[in-house]
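To start, the structure under review is shown below, and the notes come after it.
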Amino acid sequence: MRAQRQWIDGRAVHAASGKVLTVEDPSTLAKIAQVPHSGRADVDAAVAAAARAFPAWRSEEHTSELQSHL
């Protein structure tokens, strides 16, 4: 089973630790996925990427996105 990745800074990446968590279907206990076991380094990278992206995002027009939620 291939481990899924997390999306940070526009890229799909594995957890910095390389660790994964196995997800099981609770009704069958079948293993259905492996996901990143994200830690502090992953959170720090995601927050830093969001902080870098925010100024450009804030200056964009988001009218069509807002209207789709109404």
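A few comments on the model shown:
- Accessible-area composition of the chain, carbon plus sulfur, in percent [1.4 Å probe]: 57 percent
- For the chain, the longest principal axis of the Cα atoms and the long axis of helix 40-58 meet at an angle of about 20 degrees.
- Taking S17, S59 and ordering them by how much accessible surface each has at a 1.4 Å probe, largest first, produces S59, S17.
- Overall size of the chain from C-alpha positions, given as principal axis extents largest first: 45, 31, 17 Å.
The values are calculated or read from the model by the stated rules, or taken from the named source; none is laboratory data. Everything quoted here is computed from the prediction, not taken from an experiment. Protein only, heavy atoms only, side chains kept; ligands, DNA and RNA dropped before computing areas. Shrake-Rupley method; radii C 1.70, N 1.55, O 1.52, S 1.80 Å.
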